[in-house]
Amino acid sequence: MENPIEHLDLGFVNYTQHPTNPKYIVYRFTDENRANSFRVLLLENKIEFEEDSEEKKQQTYTLFAIHQKNYKKSMKLNFEVEKKHKKPLIPFKILRWSVVIFGIAILLLSILSYCKHMEHLKQQTEIYK
């Protein structure tokens, strides 16, 4: 019996094994700009692919089937596309740097507190000796 978890799609990644031909990997994009960027990169790198579209859950997916021999190259291209179109988690620079500075301040305070507590423990140990 086939492993049912193998074809389980939770949507964490945008690629999966081809449902009927395990020699192919299928990349899917809901964003047309990402799909166009991926297509351009595949053509530039001379990677053969088959393209299709699918309507599912009121969403149109652009699908690219690529042979497994090009898996590593296609994954690099996939990451490049994601990097190009990714939006920052915190969009404002000032807020981003504020979060970083706040995190560093908390870290420094915890280190300082640890050192002070160790001094206190050392003094307590010397008293009871």
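For the chain, the dipole from Cβ point charges (+1 on Lys and Arg, -1 on Asp and Glu) about the Cα centre works out to 720 debye, to the nearest 20.
Estimated purely from DSSP H runs of n ≥ 4, each contributing -39500 (n - 2.57), the mean residue ellipticity at 222 nm for the chain is -17000 deg cm²/dmol once divided by its residues.
Compare F29, F92, F79 in a GNM of the chain, Cα atoms joined below 10 Å, and give the one with the largest fluctuation. Most flexible of the set in this elastic network: F92.
When the chain is treated as a GNM with alpha-carbon contacts under 10 Å, the residue of Y15, Y61, Y114 showing the greatest mean-square fluctuation is Y114. Screening the chain for whole DSSP H helices with an alpha carbon extent of at least 24 angstrom along the helix axis and a mean Kyte-Doolittle hydropathy of at least 0.5 yields 93-127. By its C-alpha gyration tensor, with a ≥ b ≥ c as the square roots of the eigenvalues, how is the range 89-129 shaped: rounded for a/c under 1.5, else prolate for a/b larger than b/c, else oblate? Prolate, because a/c is 1.5 or more and a/b exceeds b/c. Mean separation of Cα pairs under 8 Å and 6 or more residues apart, divided by the residue count, gives the chain a relative contact order of 18 percent. Each label was represented as a point 7 Å from its Cα along the Cα-to-Cβ direction; for V99 and K84 these points are 2.6 nm apart. Considering only L89, L107, L63, the mean-square fluctuation computed in a Gaussian network model of the chain, springs between alpha carbons under 10 angstrom, is largest for L107. How many percent of the alpha carbon pairs in the range 4-129 exceed a separation of 17 Å? Tail of the P(r) past 17 Å holds 70 percent of the pairs. For the residue pairs K57/K86; K46/K76; K46/K72; K57/K87; K57/K83; K23/K46, the alpha carbons lie more than 20 Å apart in K57/K86; K57/K87; K57/K83.
Just so you know, all these numbers are worked out from the coordinates, no wet-lab data involved. Because the structure is predicted, anything quoted here is derived from the model rather than measured. In this analysis, Cβ positions are derived from the backbone assuming ideal geometry, glycine residues included, and neighbour counts consider all displayed protein chains.
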